[in-house]
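Single-structure report; data block below.
The values are calculated or read from the model by the stated rules, or taken from the named source; none is laboratory data. In this text, all values refer to a predicted model and were calculated from it rather than measured experimentally. Here Cβ is always computed from backbone atoms with ideal geometry, including for glycine, and neighbour counts include all displayed protein chains.
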Amino acid sequence: MILEQRYYKKRPKHVLASKIINATVFEVLELARKYLTKDTRNIDLLDVGCGSGEYAFKFEKFVKKVVGVEPYIPIYEKAVEQRARYKSSVILINKKIEAYQTNHRFDVVVSQNTIEHMSNAKESFEKIFKLMRPGAVLYLTAPNKLWPIEQHYHLPFLALLPLKWANAYMRITGKGDSYEDCSYSLSYRGIRNFFDQFPCEYHFVVPKSSDVGYLGCGEGGIWYKFILSVGIRLIRFNSFFWSFSKGFVLVAIKK
């Protein structure tokens, strides 16, 4: 359990747009249909870092079972409130993923915007892969460490600084006292090297729907969307251009 997490204290109090949630859920379900032999209605899904449960409660409508693991107590408590409101059967666990104990194995694991908050990501993902059945699907989103505007606090080059300097930058700009909670993001090369350690085959995907809330999709005005469109075309032309993407969507299949 985590009692304090500075990023959650400082981030804007907004609710994810329903179109982003819907598009992302349908994207994951389509990938599950592609890689799994079972009907999606029989899928057991694990949501790692489920937050207040926006995605978990939506997934519940389409799969057999959903377990959401959230270590940060205030956000977990919000998820519990939402579960009661929706009369949901989602199982909510207030632990770090490393501490979650079960004999159950999952068909799909969703890890959205969590890896940059994991101080020991290797241990976390060793546990995640243990919780996956052979052939199970991992859907992961992550920010690019090399993107010039840091994606949690929106400060230029924050993610590139040593933690000591990043903390000072945060204080000077009035964004907070510490960047540590969000300081574990990886570059394209870094995330490839990271997943090379695990028993899986993985690839990066460009969401089919422009509403999927990653790679900058679903954001910005006309000029921003134009740049996004060009970037996606470049990525589809050559995977080298993932190095310059705002973020990553990765799908891993456990061997």
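Here are a few things to note about the model shown:
- Scanning segment 18-57 for residues that are part of a loop (DSSP other than H, G, I, E, B) and either surrounded by fewer than 18 Cβ atoms within 10 Å (Cβ to Cβ) or in contact (Cβ under 8 Å) with a residue 40 or more places away in the chain (or both) yields a total of 7.
- For segment 5-64, filtered to residues that are closer than 21 Å to I75 by Cα and basic (K, R), the residue that is modelled with the highest pLDDT is K58.
- Residues of segment 174-211 classified as more than 16 Å from S119 (Cβ to Cβ) and not in a strand (DSSP E or B), total: 22
- The condition of being modelled with pLDDT under 95 and either among the basic types (K, R) or in contact with a helix residue (DSSP H, G or I) (Cβ under 7 Å, 6 or more places away or on another chain) (or both) holds for Y72.
- Going through (1) among the aliphatic types (A, V, I, L, M); (2) touching a residue at least 60 places away in the same chain (Cβ under 8 Å); (3) part of a loop (DSSP other than H, G, I, E, B) one by one, V63 falls short only on (2).
- Hits in segment 48-66 (condition: over 13 Å from Q82 (Cβ atoms) and under 13 Å from the mean Cα position of the chain (by Cα)): V48, G49
- Pairing residues of segment 92-104 that are within 13 Å of L131 (Cβ to Cβ) and in contact (Cβ under 8 Å) with a residue 40 or more places away in the chain with residues that are of a type in the set (G, A, S) and part of a helix (DSSP H, G or I), at Cβ distances under 7 Å and at least 6 apart in sequence or on separate chains, gives I97/S124.
- Residue in segment 111-122 that is closer than 23 Å to H152 by Cβ, part of a helix (DSSP H, G or I), of a type in the set (A, V, I, L, M) and touching a residue at least 12 places away in the same chain (Cβ under 8 Å) present: yes
- Total residues in segment 140-173, condition free of Cβ contacts under 8 Å to residues at least 40 places away in the same chain, under 30 Å from V28 (Cβ atoms) and part of a loop (DSSP other than H, G, I, E, B): 3
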